[in-house]
Amino acid sequence: MLIHIYYYVLGYLKVRLTGYSPERFFNLCSNREIEIREVKADEEGGYVFLIGKSEYEEIQPLLEKTRTHAEVIDQYGLPYFLHRYRKRKLFFLGFLLCLFIVYGLSLFVWDIQVTGAHQYSKEEMIDYVQEKYLTFGTLKSKVNCAKMEEDLREHYDQIAWISCELKGTQLRIQVKETLKQNEDVKNEMPCDIVARKAGIIKSIITRNGTPMVKEEQQVKKGEVLISGTIHIYDDTNTLLESELLPAQGDIMAQTVYAYEDSFTMSYYEKEYTGNKKTYYGIELLGKSYIPYTPKDSYQSKDQYEEWIPIRVGHTYSLPIAFTRYTRKEFKPVRKQYTKETANKRAKERLQKFIEGLSEKGVEIVKNNVTIVVDGESCRAEGTITVIESIGKIRQIRNNSGGTTE
């Protein structure tokens, strides 16, 4: 890749070689360390190759010596490009202005990406970040990722680990809602591992730090499980010093989830008529513009929005996007669940909830959920006992109340 850029900047030529002794010519070039690339024989008995602009001047004596002839077929690279368009000053001014605008836009945050969130929606987390920390178009130099990470961990109880970083013009937020066994996350700041919820400790393995709880011990939310502070004592049990480090370990605990779900026995089902209308909008610098909104006479309709951002690569988002709006007409048809179908639907919804827990590495121990169906509604209530990882990272605060640097 770098060699291609090098030759493009200096310029290079595509040359066709013919004559008495082309093989001797190539040998002489090799002896004089003149670089020739992509040598190919053509159908007429000659050879075609690429050579740098400066090297082309060096081969002239060799052509005479070997009684060969070199014909320039094409010219490539920046010098020839500039020469070709030397009279088009407005083009170059526009190009430089474009580079200046792109550089200016790269100093701001134009996109927020959230990955790993399940219990909390991406939209919810993005709205919270925009409300508390930044809006689209905020200078990257004003974004404090470390402070944002700490506050997000405090605000969202189910988050065990979070990372905020700036990539290009994007703010990337990576979330882990549980720390599975033997799963390491990159954290170099001194921290404790605390309980993100109450439970009974079933196992604790400490890889770094000081364990603060034992198996079968009841712990409360926020209680320190593995401390990132190590105390060093002398032979007389006098404290010599304390060392701060990032705590690491696996803590599994028995916890209880309260489950409650209900729905009415009557419901409406959508029957789409096939009628729809599509129109477009543009979003520029965080503001939306819809040039034309078609009218319709739909009494019942769904509206879908497809956001199409403009990006250069994966991390350079521009403050411009297009939105496609689609309206679909439907007729609501009233229907009624039978007792059997309602019971089946309640079980399916419960199973989906349990599968969601299992996907996060949660082991189901006991299911105490009961389903009751009456004439008007179907209700599922109870508790689900599980064994799961309950550790979450909390940075160690210094005596002044701030976090350690």
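The values are calculated or read from the model by the stated rules, or taken from the named source; none is laboratory data. The structure presented is a predicted model; accordingly, all values stated were derived computationally and were not measured. Virtual Cβ from ideal backbone geometry, glycine too; neighbours counted across all protein chains shown.
For the reader, a short list of remarks on this structure follows.
- Every pair of residues 6+ apart whose Cβ atoms lie under 6 Å, when the first sits in the range 25-49 and is of a type in the set (Val, Ile, Thr) while the second is loosely packed, with under 13 Cβ neighbours inside 10 Å: VAL48/LYS40; VAL48/ASP42
- Qualifying residues in the range 34-54 (those that are at pLDDT below 85 and acidic (Asp, Glu)) - the one nearest to ARG16 (Cα to Cα): ASP42
- The set of residues in the range 284-301 being assigned to a strand (DSSP E or B) and modelled with pLDDT of 85 or more consists of TYR289, LYS301.
- Residue match in the range 150-162 (condition: at pLDDT below 85, touching a strand residue (DSSP E or B) at 6+ places or on another chain (Cβ under 7 Å) and in a helix (DSSP H, G or I)): yes
- Filter pass, THR383 being without any contact (Cβ under 8 Å) to a residue 40 or more places away in the chain and more than 30 Å from the chain's Cα centre (by Cα): no
Residues checked against (1) surrounded by fewer than 14 Cβ atoms within 10 Å (Cβ to Cβ); (2) within 32 Å of the chain's Cα centre (by Cα):
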residue	(1), (2)
VAL333	yes, no
THR338	yes, no
GLU348	yes, yes
PHE353	no, yes
GLY361	no, yes
LYS366	yes, no
ILE371	no, no
GLU376	yes, no
ARG379	no, no
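- In the condition set (1) modelled with pLDDT of 85 or more; (2) on the phi < 0 side of the Ramachandran plot, TYR8 is compliant with all but (1).
Each row is one residue, and each column tells you yes or no for (1) without any contact (Cβ under 8 Å) to a residue 40 or more places away in the chain; (2) surrounded by fewer than 17 Cβ atoms within 10 Å (Cβ to Cβ); (3) in contact with a Phe, Trp or Tyr (Cβ under 8 Å, 6 or more places away or on another chain).
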site	(1), (2), (3)
GLU57	yes, yes, no
GLN60	yes, yes, no
THR66	no, no, yes
ILE73	no, yes, no
LEU107	yes, yes, no
TRP110	no, no, yes
VAL114	no, no, no
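- Extreme residue, surrounded by the most Cβ atoms within 10 Å (Cβ to Cβ), among residues of the range 229-265 that are among the charged types (D, E, K, R) and in a strand (DSSP E or B): ASP250
- The residues on offer are GLY274, GLY222, and the sole one that is outside the structural domain of ALA160 (by TED's automatic domain parsing) and not in a strand (DSSP E or B) is GLY222.
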